[in-house]
1. Spot the failing condition for residue 231; the list is (1) touching a residue at least 24 places away in the same chain (Cβ under 8 Å); (2) in contact with a helix residue (DSSP H, G or I) (Cβ under 9 Å, 6 or more places away or on another chain); (3) assigned to a helix (DSSP H, G or I), and only one is missed.
2. Restricting attention to the range 266-316, which residues are outside any helix (DSSP H, G or I), touching a residue at least 40 places away in the same chain (Cβ under 8 Å) and farther than 16 Å from residue 159 by Cβ?
3. Residue 101 fails exactly one of the following numbered conditions: (1) assigned to a loop (DSSP other than H, G, I, E, B); (2) modelled with pLDDT of 95 or more; (3) surrounded by fewer than 16 Cβ atoms within 10 Å (Cβ to Cβ). What is the number of that condition?
4. Would you be able to say whether some residue in the range 214-228 is surrounded by 17 or more Cβ atoms within 10 Å (Cβ to Cβ) and assigned to a helix (DSSP H, G or I)?
5. Check whether at least one residue in the range 109-122 is modelled with pLDDT of 95 or more and under 29 Å from residue 232 (Cα atoms), and report yes or no.
6. What's the number of the only condition in (1) touching a helix residue (DSSP H, G or I) at 6+ places or on another chain (Cβ under 6 Å); (2) under 28 Å from residue 234 (Cβ atoms) that residue 173 fails to meet?
7. Can you name every residue in the range 23-47 that is touching a strand residue (DSSP E or B) at 6+ places or on another chain (Cβ under 7 Å) and surrounded by fewer than 20 Cβ atoms within 10 Å (Cβ to Cβ)?
8. Scan the range 5-34 and report the pairs whose first residue is without any contact (Cβ under 8 Å) to a residue 24 or more places away in the chain and whose second residue is buried (at least 21 other Cβ atoms within 10 Å of the Cβ) and not in a helix (DSSP H, G or I), with Cβ atoms within less than 8 Å and a gap of 6+ or a chain change.
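The values are calculated or read from the model by the stated rules, or taken from the named source; none is laboratory data. In this text the structure is predicted, and so the values were computed from the model without any measurement. Because the Cβ atoms are built from the backbone with ideal geometry, glycine has one as well, and the counts that use them run over all protein chains shown.
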């Protein structure tokens, strides 16, 4: 196993770099699940990454009345796929877990099994996608349960710039999540650089005001090569300003254009935020299983990692 992930995340002098992925569909045979994992890791042999982020895919239809562009299909338990990827890659994983559908007792059982049976050490807990659904365990209560659990997980939280743009309080949520035990944050995919800049600036100001160190923020980026992918991004709540959407769709090569946009957005964020004493990182994902977009995510990883590394080197 590579160096302890919690140690790498807590080092403010270096970037951290992840690849985001989703577990295969639950209907896939176990042997095929392993083949899918092998194919993913084969694609990653050309890049220098610190670990993988494995999402817990839930049916979020309660969050919006807009039809889902891609049909929801249940997937393997995120613990299972995280364990498989860790064993095959010798890289740590950050495992997402949606907590709202389970009771506290069930959640505690999930945590114990995650630790003992699957070797999970790094988790990001996610609350209900909507306040209108049945919530058996609120996120706040899940944090309390994790804090009192005998296993010492490395806990991360979600940071959503789009929510900050609407409500103006995401920096307060981040600080409260830090108090509740979160040691790092992973953002939703960034296509609106200004919203992310505003969130980071206010989070940094709040940390300075309270005399505490800011936790690491891992910025997520994803390529977009079609109208359907763009529709899916917007369905997920990823803000895509109209000028950005038009630029992608009108380009001769939409995927290549989206990569250029992500590079520009990261550089803009760094121009405004690198001096804020917030340790940064990157998480590169593909939102679809289209080969073109998966290959583009590898190109995007290389480009954005080089961009962040260069900016960090200039700072020092």
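1. It is condition (2) that residue 231 fails.
2. Within the range 266-316, 277, 284, 286, 287, 288, 290, 316 meet the criteria.
3. (2)
4. No, the range 214-228 contains no residue that is surrounded by 17 or more Cβ atoms within 10 Å (Cβ to Cβ) and assigned to a helix (DSSP H, G or I).
5. yes
6. Going through (1) touching a helix residue (DSSP H, G or I) at 6+ places or on another chain (Cβ under 6 Å); (2) under 28 Å from residue 234 (Cβ atoms) one by one, residue 173 breaks only (1).
7. Our first condition is that a residue be touching a strand residue (DSSP E or B) at 6+ places or on another chain (Cβ under 7 Å); within the range 23-47, this holds for 23-26, 40, 44.
Within the range 23-47, 25, 26, 40, 44 meet the criteria.
8. Here the result reads 32/24, each pair linking the range 5-34 to a residue that is buried (at least 21 other Cβ atoms within 10 Å of the Cβ) and not in a helix (DSSP H, G or I).
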